[in-house]
Amino acid sequence: MNTHFKTYHPYVSPFDPCKPILEKAYSTPPNLYMGFQPPNLPQFTPSEALKAGTLWKAFYDPWFSPLEPGKGGLPQ
């Protein structure tokens with residue numbers, strides 16, 4: 001499964017007084033799915049790279065929850 005967002009179903013106790021969270025999501029970084037760094041990857045400009053946290057566009061991950069609408073892309 002090569003998606004950047006994974007989900008899991010935590011244990012829900014019958015004695016838990018709070019409303020259970022039935023599904024939780026987390027993000028995995030893109031470098032997990034790249035076996036090696038290919039040559040000539042597209043790069044951010046230096047100022048964009050400082051905002052994104054990486055020089056290469058293929059390794060950029062905004063790390064937003066899949067439940068947050070309208071998030072993603074280059075940081076502003």
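Table: residues versus (1) acidic (Asp, Glu); (2) under 20 Å from Thr3 (Cα atoms).
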residue	(1), (2)
Pro17	no, no
Ile21	no, no
Lys24	no, yes
Thr28	no, yes
Tyr33	no, yes
Asn40	no, no
Thr45	no, no
Glu48	yes, no
Lys57	no, yes
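For (1) in contact with a Pro (Cβ under 6 Å, 6 or more places away or on another chain); (2) part of a loop (DSSP other than H, G, I, E, B); (3) basic (Lys, Arg); (4) surrounded by 13 or more Cβ atoms within 10 Å (Cβ to Cβ), each residue gets a yes or a no:
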| residue | (1), (2), (3), (4) |
| --- | --- |
| Leu32 | no, no, no, no |
| Gly35 | no, yes, no, no |
| Ala49 | no, no, no, yes |
| Thr54 | no, yes, no, yes |
| Asp61 | yes, yes, no, yes |
Notebook entry, point to check: Taking region 1-25 as the region of interest, how many residues are open to solvent by 90 Å² or more (accessible area, probe 1.4 Å), of a type outside the set (D, E, K, R) and at pLDDT 85 or above?
Noted result: 8
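The values are calculated or read from the model by the stated rules, or taken from the named source; none is laboratory data. As the structure is a computational prediction, the values presented were derived from the model and not from experiment. Every residue, glycine as well, gets a Cβ built from its backbone with ideal geometry; the counts of neighbours run over all protein chains shown. Surface areas here come from the heavy atoms of the whole protein model, side chains and all, with no ligands, DNA or RNA. Shrake-Rupley method; radii C 1.70, N 1.55, O 1.52, S 1.80 Å.
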